[in-house]
Amino acid sequence: MSTAPRSTSPIQAPRATSALLRHFADLRDGTHGGARSRRDKERLFADAVPLIDPYVRQALDEINTELLLDTGEVVGTGVRRSADGGIDAVWRLSWPEQRAAGIKPIVIRAYFGLGFAHPHLQGGTVGDWPLNVFDDDQAAAELPTLRAIAGADIHNLVFQVGGDIRIVPAIVKERGA
């Protein structure tokens, strides 16, 4: 049993749980960042995408530098209307070995699905995480989550090609070679 002190105040919560507390409060209240209407929630989502963009790119750039030996390319869509009628923004990291293997790139997607109460983050191969970002400090606090999503995605992509680690250049090539 943990002897760490417990706090019920979102203000005192560690950064890692602050987003979850905002998420659960929104579920309780039927809001997203205080907004009740779909239009206002979509506006908040559109405001969150540029806040989180540099942190998504940082997480993907770290994978590109350390695992893909800078052979990859990060491309983002910006906010757009999604196929389900909601809105999303998608960032993809693709590289030559991944394309040659015929598998999808590493993906981080921020989305606000049509039937959803609030937005989420997800990877191409991993599930959902709440996206409750309203300022740069909150966006920066999501960097560990974004790193985990990107890391889980490349891990799962290796297994989509039967565990063939050759899609990860850092494993088969020396840096600078």
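Coordinate-derived values only; no laboratory data. Just so it is clear, the structure is predicted and the values come from calculations on it, not from any experiment. Positions of Cβ are generated from backbone atoms using ideal geometry, with glycine treated the same way; all protein chains shown enter the neighbour counts.
Ordering of 120-126, 105-111, 75-81, 132-138 by packing is 105-111, 120-126, 132-138, 75-81, highest average first (other Cβ atoms within 10 Å, averaged per residue).
Amide hydrogen proximity for residue 168: with H placed 1.01 Å from N in the peptide plane, no residue at 5 or more positions away or on another chain lies under 5 Å.
For the chain, averaging the sequence separation of C-alpha pairs within contact (under 8 Å, six or more residues apart) and dividing by the residue count gives a relative contact order of 23 percent. Size descriptors for the chain (Cα atoms only): Rg and Dmax, in that order, 17.8, 55 Å. One way to sum up the overall shape of the stretch 47-124 is the equivalent ellipsoid from its Cα gyration tensor, whose semi-axes run 25, 14, 9 Å, largest first.
Once the piece of chain linking residue 65 and residue 137 is laid out straight, how much longer is it, given 0.36 nm per residue of separation minus the C-alpha distance between them? Stretched fully, the residue 65-residue 137 segment lengthens by 23.4 nm.
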